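Have a look at the structure below before the remarks.
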Amino acid sequence: LAQQRLLIKGGKVVNDDLSVVADVYVEDGVVQQVGPDLNPEPPTGLVVLDATNKLVIPGGIDTHTHMQFPFMGSRSKDDFYTGTKAAIAGGTTMIIDFAIPQKGSSLIEAFDIWKSWADPKVCCDYALHVAVTWWSNEVKEEMKSLVQNKGVNSFKMFMAYKDLYMVNDEELYAAFSCCKELGAVAQVHAENGELIAQRKYMIRIFFFFFDDTIAFHFFFFFFYGEPIAASFFFFFFNYWNKDWVFFFFFVMGPPLRPFFFFFCFLMNLLAFFFFFLTVTADAQIFFFFFLEYIIIRTDNCIFFFFFKALGKDDFTKIPNGVNGVEDRFFFFFLKGVHSGKMDENRFVAVTSTNAFFFFFFYPKKGRIFFFFFFDIVIWDPIFFFFFWTHHQANNFNIFEGMVCFFFFFSTVSRGKVFFFFFFFNVTAGEGKYVSRPPFPPYVYKRVRQREQV
Ligand code: URP
Ligand code: ZN
């Protein structure tokens, strides 16, 4: 099945800007032609896949996962093998994970460690954000080296996890400024770590309501949102479930929200390019604003039951994180497109193409277009099935039991069919590390223009 030359016939090719019925011709994993009635020569050695009446969609990009992450006395249960295999089963062909150094340790060393974990195991392509958990001149130099030599163009700062990863305002400001100099994207886990550490609040108080990760471009309040998939489908009442085995698995940071109307509400906002920001956890103070680029990601970070149970008598000890890397694509299509709230193009934008704009994999991912890698998913919009199983390492899936009114046939990455009708054709280590250049134009063009003005 490792096709050198592949022709996908007659599918509806869906990009973020438009959908057309077309054939797609691929050589060595790269798209060569998109158009009607293609007949590439010679016909020998050409593998043809009929996609009539099916959707041909760019593979999903999940920009926020934590595979085999050492955290809160445990390690997240999906490693780079199980996690990326599950991603493929769910139509995601690339993830971005986080290399997170301890305070006082080297960022480059953390990057190398995470890469050494990932390289032999990844099934889909991946990249790494690097966290800045402390500040010094060495950190600044290391950030420079990561951008110039290791293909990293994004750094993450935590305003939560006091004494572990949290940076103070001065450090945050220094890290922002350094990102700007280097042409990197600054990301923020925007919770109030001081208040959380005081443990006076059963419901934590947040600066940003519905998600933790706001990717800033500093000096302009020019920013992008990255909401977590689970917050669109579940809400706070799960934490009142008397069965603590059940509620453990919904514990994540920031937590689910206490508003019933959020199920449909967030999806509506997403469809209309809005974003919702609150200052208090009970949403007494909130506002909306327009956001052009929003990326739906999962923060996939799952823990074995016994580790979750460490917090049986004290919820703050429950290692936080939920699953989603396998489910994100289905459920956004179901609740977004199938429900009629957004069109298939907006779906592609929020699950794939915006990530390409923002973290800049040009000319590689997020589009079905000439010279891009042929990373696609083929879906049949007329089948339906129940979510009764999954491929992640845990025995609990927050999405279990939901019904999907479409079915997908196949995930193809770099022109190779990795998954077909429940069967995998992928081995550990087949995914590749994707380097990302600095100064992503979709962010920095406007920054430069504003500076000139
Ligand atoms: O609950 C979450 N999100 N766990 C993973 C660690 C983090 O805060 O990103
Ligand atoms: Zn995270």
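The rows are residues; the columns are (1) at pLDDT below 95; (2) within 16 Å of ligand 2 (Cβ to nearest atom); (3) over 30 Å from Phe370 (Cβ atoms).
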residue	(1), (2), (3)
Leu1	yes, no, no
Leu6	yes, no, no
Asp23	no, no, no
Val26	yes, no, no
Thr44	yes, no, no
Val47	yes, no, no
Thr82	no, no, yes
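Taken over region 39-59, the criterion of being in contact (Cβ under 8 Å) with a residue 60 or more places away in the chain and farther than 12 Å from Gly11 by Cβ is satisfied by Pro58, Gly59. If you filter region 1-33 down to residues that are charged (D, E, K, R) and under 28 Å from the mean Cα position of the chain (by Cα), you find that the one that is nearest to Arg414 (Cα to Cα) is Asp28. Reported count of residues in region 1-37, each being open to solvent by less than 50 Å² (accessible area, probe 1.4 Å), in a strand (DSSP E or B) and in contact (Cβ under 8 Å) with a residue 40 or more places away in the chain, is 14. The criterion of being in a loop (DSSP other than H, G, I, E, B), within 17 Å of Gly415 (Cα to Cα) and touching a Leu at 6+ places or on another chain (Cβ under 9 Å) holds for Pro40.
Residues in region 394-424 that are open to solvent by 30 Å² or more (accessible area, probe 1.4 Å), in a loop (DSSP other than H, G, I, E, B) and touching a strand residue (DSSP E or B) at 6+ places or on another chain (Cβ under 6 Å): Arg414 alone. Of all residues in region 306-336, those being within 16 Å of ligand 1 (Cβ to nearest atom), open to solvent by 10 Å² or more (accessible area, probe 1.4 Å) and assigned to a helix (DSSP H, G or I) number 5.
Being aromatic (Phe, Trp, Tyr), open to solvent by 20 Å² or more (accessible area, probe 1.4 Å) and outside any helix (DSSP H, G or I) is a property that does not hold for Phe361. Please find, within region 52-73, the residue that is nearest to ligand 2 (Cβ to nearest atom) out of those that are in a loop (DSSP other than H, G, I, E, B) and over 22 Å from Ala230 (Cα atoms). In this case the residue turns out to be Gly73. Restricting Ala184, Ala190, Ala175 to those that are within 23 Å of the chain's Cα centre (by Cα), more than 22 Å from Leu146 (Cα to Cα) and open to solvent by less than 40 Å² (accessible area, probe 1.4 Å) reduces the list to Ala190. Condition check for Asp62 on (1) farther than 30 Å from Lys156 by Cα; (2) within 16 Å of ligand 1 (Cβ to nearest atom); (3) among the acidic types (Asp, Glu): one failure, at (1).
With respect to Gln68, determine if the residue is farther than 23 Å from Tyr362 by Cα and touching an Asp or Glu at 6+ places or on another chain (Cβ under 9 Å). Yes, satisfied. Identify all residues within region 90-99 that are in contact (Cβ under 8 Å) with a residue 60 or more places away in the chain and surrounded by fewer than 24 Cβ atoms within 10 Å (Cβ to Cβ); write none if there are none. Passing the criteria: only Ile96. Criterion first (more than 19 Å from Val130 (Cα to Cα) and among the acidic types (Asp, Glu)) does Asp78 satisfy it? Judged against the criteria, Asp78 is a match.
The values are calculated or read from the model by the stated rules, or taken from the named source; none is laboratory data. Remember, it's a predicted structure, so these values are computed and weren't measured experimentally. For neighbour counting, all protein chains shown are included, and Cβ atoms are generated from backbone atoms with ideal geometry for every residue, glycine included. All accessible areas refer to the heavy atoms of the entire protein, side chains included, with ligands and DNA or RNA removed. Shrake-Rupley method; radii C 1.70, N 1.55, O 1.52, S 1.80 Å.
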